[in-house]
Every structure is written in structure tokens, then in C-alpha cells.
Amino acid sequence: HVRHIALIVGSLRRDSINRKVADYITGVAPQRWQISEIEIGDLPLYNQDLDAEPIEAYERVRGQIAAADVVLVVSPEHNRSVPAAVKNILDIASRPAGRGVWAGKKAAVVTASPGVYGGLSAGLHLRQILQALGVSVLVAPEVYLSRAFDALDEQGQLTDARALALLNRFVQALDAWLVD
Ligand code: FNR
């Protein structure tokens, strides 16, 4: 039956390589995946004062995460860690205390970077944060797509065979994990 995938793209920029990676995953996703993106670019910074009177934007993303079978995060690395926009939604959905929507969820993490480390540090931080929130994170394959601009052709399309093969393997592993 249908699997609800909530997609978070950690880059807000138009020509984002991570957006291209997310688009590729969406394109090859199994039929039973129903992917809906959680928009994070317009979310106000988490403010604990709003726990008492939550704003619509917070409630929207909390609801989207609560409804998902798995949260798929495709993200760049900013200064060796998780971009602020990604950390923000992790925090928003973890509160109000005792009513966070993360516990018991599944998540999967992909990072891409033009650098040689592929966003490794952000990917590991993200796993650590998710585990602290009670989320099970897909263990393998780990995807830290390094030198990601080299995986683009002249038209800016993601076409590098090794990158695509890794992403295909990731999609298969995630799908198999969602059977349980
Ligand atoms: C970066 N970038 C970067 N890359 C990396 O591999 N490790 C890092 O720590 C950082 N730090 C960093 C901080 C900030 C504020 C920016 C804007 C960028 C470079 C980053 O990988 C590059 O801009 C990617 O293109 C970002 O991914 P998108 O936007 O193309 O998906």
C-alpha cells in the first residue's frame, strides 16, 4: 500500500544540487511512494513563546511530519553542519514538550556537496539529532554525494552514472526498509 514520504530539501536556492538530487529520487521513486515536500523556507524561527499559541506555519509542518511514514532529508552542509533552515524544522516539530511529532518516526538522510567530503559532517550531525529525537534513521547506504557539481552534465542535469547508481541503491534500500 501507499507510503507517505515527507521530503525536506535543505537548500533554499534555485539551482540547488540537493534539489536536483531530490528531483532525481522523486523521479525514480516506486509507485507506492507518495512524496509531499515540506516547505521550510518560509518557516519563522522557532520561538518557545509560540508553544502556547502555535502559529499556522508550525502546525502545518508538525502535521505533515506526523502524517509521514518516513521523512527524507536531502541537504547541503553549511559550515560543517546542518543548515539553519533544516535545524529549525527539527526544533519546531520537537515541541511543545511532550507533544513533539518525531518520536517513533523513520527518516533517511542524503547530503550532497561540491566538496570532497560530500556533506559528511552535516549528514552525521543530522543522524545524531534525529536519533536524539527518537527517530530511526536508515543505516545504509549512507549517501554523502561528494564533488556533486561534477555529476552534472553541460545542461546542469544530474547524469553521472555512479551518482545515479548510488541514489538508485538508496531508493531501493529505503523502500525495502518501509516494508517493516
Ligand atoms: C557552504 N558550503 C559548504 N560545503 C561543504 O561541503 N561543507 C561546508 O561546511 C560548507 N559550508 C557552507 C556554508 C554556507 C553558508 C554556504 C552557503 C555554503 C558549500 C555548499 O556545499 C555549496 O554552496 C552547495 O552548492 C550547497 O548545496 P546546494 O545549495 O547546491 O544544494
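The values are calculated or read from the model by the stated rules, or taken from the named source; none is laboratory data. Computed from a prediction, not measured in an experiment: that's the story for all the values here. Reconstructed Cβ throughout: ideal geometry from the backbone, glycine too, with neighbour counts over all protein chains shown.
Looking only at residues in region 140-180 that are of a type outside the set (A, V, I, L, M, F, W, C) and part of a helix (DSSP H, G or I), the one that is nearest to the ligand (Cβ to nearest atom) is D150. Confirm whether S11 is crowded, with 20+ Cβ neighbours inside 10 Å, modelled with pLDDT of 95 or more, among the hydroxyl-bearing types (S, T, Y) and more than 14 Å from A107 (Cβ to Cβ). Criteria met by S11. Any residue at all in region 82-100 that's at positive phi, of a type outside the set (D, E), within 12 Å of the ligand (Cβ to nearest atom) and part of a loop (DSSP other than H, G, I, E, B)? For region 82-100, residues at positive phi, of a type outside the set (D, E), within 12 Å of the ligand (Cβ to nearest atom) and part of a loop (DSSP other than H, G, I, E, B): absent. Of all residues in region 118-129, none satisfies being of a type in the set (D, E, K, R) and assigned to a loop (DSSP other than H, G, I, E, B).
Scanning region 1-44 for residues that are β-branched (V, I, T), assigned to a helix (DSSP H, G or I) and farther than 14 Å from S75 by Cβ gives T26, V28.
Among the residues of region 114-139, write down those that are within 16 Å of the ligand (Cβ to nearest atom), in contact with a Phe, Trp or Tyr (Cβ under 8 Å, 6 or more places away or on another chain) and closer than 15 Å to V73 by Cβ. If the condition is that a residue be within 16 Å of the ligand (Cβ to nearest atom), in contact with a Phe, Trp or Tyr (Cβ under 8 Å, 6 or more places away or on another chain) and closer than 15 Å to V73 by Cβ, then G118, G119, L120, G123 are the ones that fit.
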